[in-house]
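Asker: Sharing a structure, written as structure tokens. Questions coming.
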Amino acid sequence: MARTRTPARGTGSLPLEEVLESKELKAMHGFDVHTLDDMLRFAPRRYTVPAALRSIHEVAEGEEMAAVVTVTGLTARSMRNRRGTLLIVDVTDGDSALELVFFLAKEHQVAWHRSHLRVGERYTVYGIAGRDSRTGTPQLTHPRYEEYEDTPEGRARAERPLPVYPLKKNVAQKTMRDATERGLEFADGLQRILPDAVLRRRGLLSLADAARALHHPLTVEDTLAGRAHLVFEEAFVLQAIFAQRRAQDERTPAPALRGDGPLRPALDARLPFTLTDGQLEVGAALEERLAREHPTSVLLQGDVGSGKTVIALRAMLRAVDSGHQAALLAPTEVLAEQHHRTITGLLGDLAAAGRLDGHADATSVRLLTGSQRTAERRRTLLDVTSGEAGIVIGTHALLTESVEFASLGLVVIDEQHRFGVDHRRRLRSKGPGGMSPHVVVMTATPIPRTAALAEVGDLDVLTLRESPGRRAGVTSFVVHESLPRWEQRMWARAGEEVAAGRQVFVVCPRIDEDDAAPPDPEGSEPLPPPRGVTETAARLASRPELAGARVGVLHGRLSTEEKQQVMEDVVAGRIDVLVATTVIEVGVDVPNASTMIVLDAERFGVSQLHQLRGRVGRGEAPGIAFLDTRVEQGSVSSRHLQSVAEATDGFALAELDLHRRGAGDLVGELQSGLGRTLQHLDVIRDGEVIARAREDAFPLVAADPDLADHPVLAAAIETRLADADVERS
Ligand code: ADP
Ligand code: MG
């Protein structure tokens with residue numbers, strides 16, 4: 001991952017020009033490393049530790065390895081194809097044998113090696129693992145070697161781990177090592193981010209010692225202790241950022257939403273279902289936060305179908321009951337329209353203010369989208385500005401536009417995966433009289449607790465664990481097309497559902513099949529090109545199982561009006577089978593839909609598949625999801641789909657996904673954008689560290705919010721925020 005570090009200007013970090021030779025300088029610049037601090041925090045990728053020769057079989061060809069060996073013989077012979085001598089030195093570690101190979105142009109070089117590699121003597125050798133192409137004998141070509149001294153100090157020196165840095169083209173490992181070695185002479189001048197008290201409490205090395213341990217370790221333990229400092233440091237900076245945001249919130253006024261009637265109780269009284277205990281609990285926790293005089297930022301996570309919308313609606317009514325407005329933002333217009341339908345449906349005459357049929361206490365719920373006609377839009381904007389509109393529903397674009405609210409008390413952001421700092425920055429001024437509205441972000445893609453601390457550590461996390469009892473749930477099956485009976489059974493089942501008056505979704509990875517095929521996920525089995533919506537819809541029309549079914553299509557190339565029309569037809573039951581791309585992935589709520597068929601399911605991510613199957617089984621009828629694939633049964637992809645099919649809990653699935661993909665990918669999807677520039681911290685592995693760093697960082701920032709006494713930390717925060725901004729843009 002290319003990192004874009006900004007030189008920590010003004011913090012006194014030494015520019016590398018003052019430390020390195022030009023060759024080393026160029027090598028470091030290749031990694032965008034410009035200061036001593038950046039360089040000594042640039043950790044080796046791994047270490048070469050002298051190991052038994054047996055292990056040469058485990059080392060990939062071309063990788064560096066080391067061993068302590070005894071010389072058993074030397075052979076020199078002229079090379080056939082070019083001038084010079086081939087010197088082969090046979091060595092053993094007492095167990096396995098190895099050849100050290102030197103191609104030498106000059107006779108004096110041969111003599112030099114002969115005098116330094118004596119039969120019967122022991123040496124530590126470092127080289128690139130290889131193998132004689134004809135005999136298969138393990139070889140090290142042009143190894144570096146040192147005499148092995150059989151004293152405690154000698155052994156320690158011989159067995160010390162050698163750092164292996166990532167390399168860019170034309171840069172030798174030695175150049176990187178020379179650069180860091182030279183830098184270590186200035187290690188005492190590094191910018192110390194972690195306060196001494198924290199180092200003591202956590203048993204961490206000082207920064208200078210950590211740098212030495214990392215780049216010039218004597219033992220493997222050293223390398224770990226060195227890294228521990230950097231991991232903690234990174235976690236600490238992150239938590240300090242969150243602590244500062246919290247402190248900033250504490251200084252910002254927000255409208256306290258304390259009104260306890262009449263709308264919210266009126267809605268509760270007319271809900272067509274009983275709220276679950278979980279919904280009531282989360283609702284109460286939310287109301288407690290909304291009543292505060294400072295903006296609250298809540299992440300409300302709950303599996304698909306757990307009933308987050310009604311929680312949001314109750315909170316929004318509380319805002320209206322308190323004399324303010326609320327905005328609900330959805331990621332797409334389709335979802336915004338659906339929310340508008342659902343919410344006006346639930347509210348009935350409570351949403352019909354100003355109309356003859358309106359309830360006496362009614363408010364007005366307005367939809368604001370980019371595709372509305374200008375006149376309609378202007379009217380809505382007027383109502384938003386005058387305060388006539390109590391609840392405004394739109395897409396995230398609402399935030400970027402200059403929509404003037406009369407008195408915005410609460411913003412709910414639905415299905416948001418990338419809720420960034422800038423969102424909140426933008427919202428800050430939107431409240432009444434310079435106040436900041438409260439913010440609730442809802443997501444069905446839960447993240448494990450420690451990852452949440454690392455990524456959205458400035459948000460309060462509220463979690464809905466159960467799903468409403470009425471929900472019939474979804475059973476998932478993997479269908480291998482290599483077994484035609486299964487595939488027939490799948491379509492037959494779809495036909496049965498349609499015959500019973502229910503609806504079927506069919507999701508394809510692409511719009512058209514002639515689109516460029518993405519690479520096969522496993523890179524091995526060549527698969528036919530992924531199915532497209534257009535062709536699939538045509539094919540379904542001639543499937544006997546679906547004879548008479550009304551088939552519709554939905555994808556991103558349709559106009560907004562067309563999409564809207566299709567969704568209306570689906571909701572009204574005028575379409576039986578909807579073939580779509582993942583535009584229906586998030587949030588779409590059609591209680592009558594019972595069957596989800598995902599074609600080429602191996603091309604979708606875990607959370608996508610979970611979201612997709614969450615679209616069915618939302619009403620009375622139980623849902624069934626088919627993950628259809630053409631990969632071979634028993635292949636990695638097939639087993640993976642099987643485990644998705646078996647896991648029904650979104651939380652378990654999120655963990656499964658994290659562990660399968662590792663943190664590297666996770667950070668690509670992170671919500672705050674901060675995580676994307678992490679160098680040392682692994683949000684899965686380092687959960688404990690993150691929690692401890694939080695314990696230390698929050699009190700420090702609370703005592704010194706502007707970090708006047710911690711200028712180095714303040715500068716590190718600025719650098720990290722700048723990095724995150726660069727990565728995002
Ligand atoms: P999500 O959390 O995925 O956004 P929704 O809010 O769309 O879920 O709710 C899913 C469905 O469950 C909706 O049709 C909603 O009306 C219904 N629902 C919500 N709460 C309850 C409840 N307590 N009992 C029964 N049905 C509920
Ligand atoms: Mg939803």
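Each reported figure results from applying straightforward, stated rules to the coordinates on display, with no laboratory input. These numbers come from a predicted model, not from an experiment. Every residue, glycine as well, gets a Cβ built from its backbone with ideal geometry; the counts of neighbours run over all protein chains shown.
Asker: Among DSSP bridges having both ends in the chain, what percentage is antiparallel? Round to the nearest 5.
Answerer: Values: 36 of 92 bridges.
Percentage antiparallel, nearest 5: 40.
Asker: Continuing with the same structure: Restricting to Cα pairs below 8 Å that are 6+ residues apart, what does the relative contact order work out to for region 126-256? Please round to a whole percent. Show your work: numbers first, answer last.
Answerer: Values: 107 pairs, mean separation 22.9, N = 131.
So the answer I get is 17 percent.
Asker: Would you mind putting 240-253, 556-569, 303-316 in packing order, based on average other-beta-carbon counts within 10 Å, highest first? All intermediate terms of the calculation are to be shown ahead of the outcome.
Answerer: On the way: 240-253: 18.1, 556-569: 15.0, 303-316: 23.4.
The most tightly packed comes first, giving 303-316, 240-253, 556-569.
Asker: While we're looking at this one, here's another question. On alpha carbon coordinates alone, what is the Rg over Rh value for region 1-157, Rh being the Kirkwood radius? All intermediate terms of the calculation are to be shown ahead of the outcome.
Answerer: Values: Rg = 20.0 Å, Rh = 18.3 Å.
Here Rg/Rh amounts to 1.09.
Asker: Here's something else I'd like to know. Starting from the Cα gyration tensor of region 527-572, take the square roots of the eigenvalues, sort them a ≥ b ≥ c, and report rounded, prolate or oblate (rounded when a/c is under 1.5, otherwise prolate if a/b is larger than b/c, else oblate). Please report the intermediate quantities before stating the final value.
Answerer: Numbers: a/c = 3.38, a/b = 1.27, b/c = 2.67.
Judged from the Cα gyration tensor, region 527-572 comes out oblate (a/c at least 1.5, b/c at or above a/b).
Asker: Using the C-alpha atoms of region 115-157, what convex hull volume per residue, in cubic angstrom, is computed? It would help to have the intermediate numbers written out before the result.
Answerer: Working: hull volume 4.3 nm³, N = 43.
Spread over its residues, the Cα hull of region 115-157 gives 100 Å³ apiece.
Asker: A follow-up question, please. Let me check against my output: what whole-number percent is the relative contact order of the chain, with C-alpha pairs under 8 Å and at least 6 apart? Before the final figure, lay out each step's value.
Answerer: On the way: 1385 pairs, mean separation 92.9, N = 729.
The value is 13 percent.
Asker: While we're looking at this one, here's another question. Cα-Cα pairs above 21 Å in region 92-229: how many percent? Mind dumping the intermediate values first?
Answerer: Details: 5601 of 9453 pairs.
Percent of Cα pairs beyond 21 Å in region 92-229: 59.
Asker: Moving on. Just the Cα atoms of region 307-390: what Rg and Dmax do they give in Å?
Answerer: Rg and Dmax of region 307-390, Cα atoms, are 12.5, 34 Å.
Asker: Next question, about the same structure. Run the simple label-point estimate for ARG134 and THR475 please: 7 Å along Cα→C-beta, distance reported in nm.
Answerer: Reported label-point gap for ARG134 and THR475 is 6.6 nm.
Asker: If you fit an axis through the alpha-carbon atoms of helix 220-251 and take the longest principal axis of the Cα set of the chain, what angle between them do you get, 0 to 90°, nearest 10?
Answerer: 30
Asker: Shifting gears a bit: Calculate how steeply helix 107-116 sits against the longest principal axis of the alpha-carbon atoms of the chain, using the helix alpha-carbon long axis, and give the answer as 0 to 90 degrees to the nearest 10.
Answerer: Compared with the principal axis, the helix lies near 90 degrees.
Asker: Please arrange ARG264, ARG258, ARG192, ARG82 by counting, for each residue, the other beta carbons lying within 10 Å of its beta carbon, fewest first. Walk me through the numbers on the way to the answer.
Answerer: Details: ARG264 23, ARG258 13, ARG192 16, ARG82 9.
Placing the least packed residue first, the sequence is ARG82, ARG258, ARG192, ARG264.
Asker: Round to the nearest 10 and give me the degree value, 0 to 90, for the angle of helix 173-184's Cα axis relative to the longest principal axis of the chain.
Answerer: Once rounded, the angle reads 80 degrees.
Asker: Magnitude of the Cβ-charge dipole of the chain, K/R +1 and D/E -1, about the Cα centre, nearest 20 debye?
Answerer: Details: 88 positive and 105 negative charges, 170 e Å.
The calculation lands at about 820 debye.
Asker: Measure of size requested: the Rg and Dmax of region 258-358, with Cα atoms as the atom set and Å as the unit; please supply both.
Answerer: 13.7, 39
Asker: Hey, another quick one. First obtain the Kirkwood hydrodynamic radius of the chain from its Cα pairs, then insert it into the Stokes-Einstein equation at 25 °C and 0.890 mPa s, and state the resulting D in µm² per second as a whole number.
Answerer: Numbers: Rh = 29.9 Å.
Answer from the Stokes-Einstein relation: 82 µm²/s.
Asker: Let me ask something else. Seen from all sides and averaged, what is the projected area of the convex hull of the Cα atoms in region 153-243, in nm²? Walk me through the numbers on the way to the answer.
Answerer: Numbers: hull surface 30.1 nm².
Average of the hull's projected areas for region 153-243 equals 7.5 nm².
Asker: Okay, moving on. Using just the Cα positions, wrap region 574-616 in a convex hull and report its mean projected area in square nanometres, one decimal place.
Answerer: Mean projected area for region 574-616: 3.0 nm², to one decimal.
Asker: Multiply the residue gap between THR75 and ASP260 by 0.36 nm, knock off their C-alpha separation, and tell me the result in nm, one decimal place.
Answerer: Numbers: separation 185, 0.36 × 185 = 66.60 nm, distance 9.31 nm.
Here the answer is 57.3 nm.
Asker: Starting from a Cα-only point model with no solvent, please compute log10 I(q)/I(0) by Debye for region 9-59 at q = 0.16 1/Å.
Answerer: Once normalised to I(0) and log-transformed, intensities are -0.58.
Asker: Average the reciprocal distances over every distinct pair of alpha-carbons in region 193-303, invert the result, and give the Kirkwood radius in Å.
Answerer: Details: mean 1/r = 0.0541 Å⁻¹.
Computed over region 193-303, the radius equals 18.5 Å.
Asker: Mind sorting TRP491, TRP112, TRP486 by how few other Cβ atoms lie within 10 Å of their own Cβ, fewest first? Intermediate values should be presented prior to the final figure.
Answerer: Details: TRP491 20, TRP112 12, TRP486 15.
Ranked by crowding around the Cβ, least crowded first: TRP112, TRP486, TRP491.
Asker: Sorting ILE128, ILE56 on the 10 Å Cβ count, fewest up front, what's the list?
Answerer: Working: ILE128 16, ILE56 22.
If I rank by nearby Cβ atoms, fewest first, I get ILE128, ILE56.
Asker: Okay, next question. Once you have the Kirkwood Rh of region 47-123 from its Cα pairs, apply Stokes-Einstein at 25 °C and 0.890 mPa s and quote D in µm²/s.
Answerer: Values: Rh = 13.5 Å.
This corresponds to a translational diffusion coefficient of 181 µm²/s.
Asker: To continue, here is another question. Can you list the residues, at least 5 places off or on another chain, whose amide H is less than 5 Å from the amide H of THR48, using H built in the peptide plane?
Answerer: LEU162, VAL164
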